[in-house]
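J.: Provided herewith is a single structure, encoded as structure tokens, for subsequent inquiry.
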Amino acid sequence: MHLIRIWEQRYQAVEPQRTPTNRRLYAQSHIERLNLLREVTQAGYKISHVARLPMETLVKLAAESGAGSDRAAPSATDAPPPSSLLDDCVVAIRALDAAALDEVFKRASTALGALGLLLHLIAPLSQVLGEMWRAGEITAAHEHFATAVIRVALGQAAKSFGVHEHAPLLLVATPAGQIHELGALLVAATAVNFGWRVTYLGASLPAAELAGAAQLSRARAVALSLVYPEDDPQLAAELERLRDALPAETAMLVGGRAMPAYRDVLENVGAVTVENLAHLGERLDNLRKPSNPTTARPRDERTQPANRTLAAMPPNWRACAVSPAPSQP
């Protein structure tokens with residue numbers, strides 16, 4: 001069901017009716033369409049290309065794929081489609097099978113590459129896990145298990161990237177009250193892929209400590225992941241405190257599933273909003289351009305805290321040294 005929900009929400013493949021209790025009702029025509037979509041995606045077509053095709057076209061594609069046309073069907077050695085890998089991940093997570101989940105990540109890394117693993121498997125997986133958790137289909141234990149395995153997989157993938165010692169530094173965290181950290185870990189791993197040095201500071205970090213870390217490390221930017229909740233009455237003030245306490249030259253990037261709910265305050269503090277991981281790459285590239293103006297808002301230096309140093313820095317999360325045993329962009 002998790003894959004069907006993605007096809008519905010992201011690609012509008014079908015539009016089921018809803019009961020008064022908000023349960024989905026699928027007509028026979030929906031089931032036939034979903035079966036056809038499964039056949040053609042398993043044959044190698046991208047769901048984004050076929051999700052909204054008319055039924056007669058899907059029937060033709062399915063027949064051609066099964067009968068062998070000019071477009072050859074994938075061989076046994078071809079890479080499995082991301083949807084199949086996503087299904088395998090969910091099965092492993094439900095079973096709390098770390099070895100099986102790690103094996104899926106290894107297959108995906110070989111088939112898709114390091115950045116493809118992030119963009120096309122782990123990022124969608126984090127979204128699916130968030131939806132399943134909110135629907136009560138998995139427990140917090142499943143989510144924590146998946147986070148721990150993904151943390152190790154991301155660290156191993158990042159080790160293959162040699163980041164220059166003079167590359168700009170990005171601090172990654174979630175602000176106070178935001179305890180789901182998988183999205184933040186994805187941001188950290190993606191930034192490494194784009195040639196940034198990364199220090200990962202963890203979840204629910206108070207503004208003063210995060211600003212102190214930025215000053216101490218002379219970070220070019222701070223990236224925050226907002227996932228849940230979307231109605232935290234304290235978060236707006238926390239984001240304002242952070243912007244006021246950050247060095248003027250330090251940019252503030254914010255993304256995640258809950259980010260749109262805080263768009264007004266983010267615009268007010270001059271934060272750079274990030275829609276997804278691909279968009280994050282564009283934002284990071286822009287920050288590296290010498291002519292790029294600072295995104296920090298001007299402020300009176302008299303409002304700066306007198307002491308922003310940290311008594312104890314949180315553990316680092318770097319490209320070449322990931323602490324083994326985070327949730328959703």
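J.: Given the conditions (1) loosely packed, with under 14 Cβ neighbours inside 10 Å; (2) within 25 Å of E64 (Cα to Cα); (3) in contact with a Ser or Thr (Cβ under 7 Å, 6 or more places away or on another chain), report the number of the one that R52 does not fulfil.
T.: Result: R52 passes all but (3).
J.: Separate question: Name the pairs: first residue in the range 38-65 and acidic (D, E), second residue assigned to a helix (DSSP H, G or I), Cβ to Cβ under 6 Å, at least 6 apart or on different chains?
T.: What qualifies is E39/A62.
J.: Another question about this same structure. Is there a residue in the range 224-238 that is crowded, with 20+ Cβ neighbours inside 10 Å, under 22 Å from the mean Cα position of the chain (by Cα), of a type in the set (V, I, T) and outside any loop (DSSP other than H, G, I, E, B)?
T.: No: zero hits.
J.: Return the total of residues in the range 271-310 being at pLDDT 90 or above and closer than 20 Å to E209 by Cα.
T.: 1
The values are calculated or read from the model by the stated rules, or taken from the named source; none is laboratory data. Remember, it's a predicted structure, so these values are computed and weren't measured experimentally. All Cβ positions, even for glycine, are placed from backbone atoms using ideal geometry, and neighbour counts span all protein chains on display.
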